[in-house]
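Peer 1: Here's a structure for you.
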Amino acid sequence: MKDSSMEREELGDLYLDLLRNCLTGLVYDDPPLEWSGVGLRPFDRRKREDGLDWPARAHSMIGAKRMLQLQRAAEIVIDGGVPGDFIETGVWRGGACILMRAVLKVHGVTDRRVWVADSFRGLPPPRPDRYPVDRGDHLHTIRALAVSVEAVRANFARYGLLDDQVAFLEGWFRDTLPSAPIDRLAILRLDGDMYESTMDALSALYDKVSQGGFVIVDDYGAYPRCRAAIEDFRATRGITAAMHDIDGSGVYWQP
């Protein structure tokens, strides 16, 4: 007969497995958001695992592999006692942050918060006078990327995970992140797509990441503007920590 601690651990793993599959739409074959002339395109499991489409209803577009890596990173810092909160900068429907809050709950962690940082109205128009790399970027015109803070709060509530360990930072990163009341971070997850958004998050938060924590970049392999920001920041700061590929798009390193 299994002891109760082993049984609780197995139940926690099952819960998180199911949660990830729900958040990404894998559990119900959620079709992609993009519309074609003949209707929604069919569900493609491989694309969803790699985060290569935008789900019509599910709460995350980061895909199964990046979602699992995020869970593992959260568990590593919890088990290793790496101090700090968790944050995602650019949350869309909130799925990755919902998973981070769930990991804290499963492990009985009550002294860390999940920070949910977004404009909740889409991406900012490019400012090529300050950030020439963003010239011509059109992501701010995509209405599907604008998800209100009320909708994201409701998504947390659907999973029973909206509580005082979840904190929302609403506004452009350049306005909210420098003054955010965050002392230390164990996980900094960047999903800003653009050069400016990525650089704003790094400039404001990187020095708060604890040694042994994780810096996770969602779009390093998908958006050249994001990649340029990461490479410029690392070069300027002399960061030599190895970057690890997750799925061809996402990467991470540990300070």
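Quick note: the coordinates plus some simple rules give every number you see, no bench work behind them. This one's a predicted model, so the numbers in the text were calculated from it and none came from an experiment. Note that each Cβ is placed from the backbone with ideal geometry, even for glycine, and that neighbours are counted across all protein chains shown.
Peer 1: What does the highest-first list of 128-141, 185-198 look like by mean Cβ count within 10 Å?
Peer 2: 185-198, 128-141
Peer 1: Volume per residue, Å³, of the convex hull around the alpha-carbon atoms of the chain?
Peer 2: Cα-based convex hull of the chain, divided per residue, equals 134 Å³.
Peer 1: Shifting gears a bit: Measure out, as a whole number of angstrom, how far apart the alpha-carbon centroids of segment 102-116 and segment 211-246 sit.
Peer 2: Using only Cα atoms to place each centre, the spacing works out to 25 Å.
Peer 1: Dipole size in debye (nearest 20) for segment 57-168 around its Cα centre, Lys and Arg Cβ +1, Asp and Glu Cβ -1?
Peer 2: Numbers: 16 positive and 12 negative charges, 83 e Å.
Dipole magnitude for segment 57-168 comes out near 400 debye.
Peer 1: Using a Förster distance of 25 angstrom, determine the FRET efficiency expected from the C-beta separation of Leu52 and Asp207, and round it to 0.05.
Peer 2: 0.15
Peer 1: Same structure again: What dipole magnitude, in Debye to the nearest 20, does the chain give about its Cα centre under +1 on Lys/Arg Cβ and -1 on Asp/Glu Cβ? Don't skip to the answer; put the middle values down first.
Peer 2: Working: 32 positive and 39 negative charges, 66 e Å.
For this selection, approximately 320 debye.
Peer 1: Now, a different point. When the C-alpha atoms of segment 174-255 are aligned to their principal axes, what extent does each axis show, in angstrom, from largest down?
Peer 2: 33, 27, 22
Peer 1: A further question on this structure: Taking only complete DSSP H runs, can you tell me which helices of the chain stretch 24 Å or more along their own long axis by Cα positions and average at least -1.0 on the Kyte-Doolittle scale?
Peer 2: Taking the DSSP H segments of the chain (at least 24 Å long, mean hydropathy at least -1.0), we get 4-24, 63-80.
Peer 1: If each residue of separation counts as 0.36 nm, what is the full-extension length gain between Val27 and Asp13 once their alpha-carbon separation is subtracted?
Peer 2: On the way: separation 14, 0.36 × 14 = 5.04 nm, distance 1.59 nm.
The Val27-Asp13 span can extend by a further 3.5 nm.
Peer 1: Kindly rank 82-89, 101-108 from highest to lowest mean number of other beta carbons found within 10 Å of each residue.
Peer 2: Values: 82-89: 23.4, 101-108: 19.5.
So the order, starting with the most tightly packed, is 82-89, 101-108.
Peer 1: A further question on this structure: Once Lys and Arg get +1 and Asp and Glu get -1 on their Cβ, which of Ala154, Gly136, Gln165 lies farthest toward the positive end of the dipole of segment 63-253?
Peer 2: It is Ala154.
Peer 1: Something else now. Where the convex hull is taken over the Cα atoms of segment 63-214, what is its projected area averaged over directions, in nm²? Don't skip to the answer; put the middle values down first.
Peer 2: Working: hull surface 35.6 nm².
Average of the hull's projected areas for segment 63-214 equals 8.9 nm².
Peer 1: While we're looking at this one, here's another question. Using R₀ = 51 Å, calculate the FRET efficiency as 1/(1 + (r/R₀)^6) where r is the Cβ-Cβ separation of Ala146 and Ser4; round to 0.05. Write down the numbers at each step before the final one.
Peer 2: Values: r = 46 Å, r/R0 = 0.90.
The value I calculate is 0.65.
Peer 1: Okay, moving on. At 7 Å along Cα-to-Cβ for each site, give me the label-to-label distance between Arg127 and Glu231 in nm.
Peer 2: It is 2.4 nm.
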